[in-house]
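Here the structure is laid out as structure tokens; the discussion comes afterwards.
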Amino acid sequence: MVPQHVAMIMDGNGRWAKKRFLPRVAGHARGVKRVRDIVEFCTARNIHYLTLFAFSTENWKRPPDEVEHLMGLFVSALEGEVARLHANGVRLRVIGDLAPFSPRLQQLIATAEARTAGNDRLVLTVAANYGGQWDIKQAFSRWVNEHVGAGGVPSAVGPSDIDLAPYLSMAYAPNPDFVIRTGGEQRISNFLLWQSTYSELFFTDTLWPDFSPAEMAKALDWYAQRERRFGQTSQQLQAAAG
Ligand code: IPE
Ligand code: IPE
Ligand code: MG
């Protein structure tokens, strides 16, 4: 089975550069090129949603010049890549708290989203200033604002009264079936916490700038062998499949 939604933690750009005695930012520039290859590969493989973790809420803690360079790369990627995405039927969406971004970057994001809004071959979501905890908090805050009127908090609100799913920032997509992390670490680093509850997880030592479509094809083969039980037993699944 091909996953409908693949989410990726693109890690290892800095180490890729370090190995080559290059500045970390050279690794980020290489990483952008990889994004292009992987997007094209996913389109060819009929994956419908691809979500890429580009900048976490914790990445602001990096040295200011690296942060600034990453913002500049984001701007140039939007300026340089959107026409190609559009021509390939890709819809671009950006999730995360965009408020701290420069007005220019926010404008480029809005323009790119609007320009590609009619495309449906692949929905490419870029998570920028995104954190899974931020997402849950912003969802809860929106829920409260819609459900709590002037009378204050209703007297009894139980867990089952709170349906956060429609308020999460990726409410437009099914939960990721498959989460891939490059760069050797085996952690989630505050990515899609709520949405990856039942995702298959794949970790590879390959650094993001080296992660090729061929390697992604192998990862998809691995995914195809998983039995996704969602809490049920194998026997139940086999019986349901007839
Ligand atoms: C991932 O690569 C890109 C971002 C987090 C922006 P890193 O920059 O984290 O690369 P390493 O982990 O230092 O190698
Ligand atoms: C995760 O990578 C975030 C992105 C890929 C955007 P990090 O390099 O920031 O993760 P940690 O700090 O090693 O967990
Ligand atoms: Mg890293």
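Just so you know, all these numbers are worked out from the coordinates, no wet-lab data involved. No experiment lies behind these values; they were computed from the predicted model shown. FYI the Cβ positions are ideal-geometry reconstructions off the backbone, even for glycines, and counts take in every protein chain you see.
Considering only residues in the stretch 84-112 that are assigned to a loop (DSSP other than H, G, I, E, B) and among the aliphatic types (A, V, I, L, M), the one that is farthest from L70 (Cα to Cα) turns out to be A99.
Set side by side, the residues S196, S189 differ, and just one is out of contact with any Asp or Glu (no Cβ under 6 Å at 6 or more places or on another chain), within 16 Å of ligand 1 (Cβ to nearest atom) and in a loop (DSSP other than H, G, I, E, B), which is S189.
Only residues that are of a type in the set (A, V, I, L, M, F, W, C), free of Cβ contacts under 8 Å to residues at least 24 places away in the same chain and surrounded by 14 or more Cβ atoms within 10 Å (Cβ to Cβ) were counted in the stretch 23-69, giving 2.
Scanning the stretch 217-235 finds no residues that are more than 19 Å from H48 (Cα to Cα) and buried (at least 18 other Cβ atoms within 10 Å of the Cβ). For the residues K33, K18, the requirement of being of a type outside the set (S, T, Y), more than 12 Å from ligand 2 (Cβ to nearest atom), part of a helix (DSSP H, G or I) and touching a Lys or Arg at 6+ places or on another chain (Cβ under 8 Å) singles out K18.
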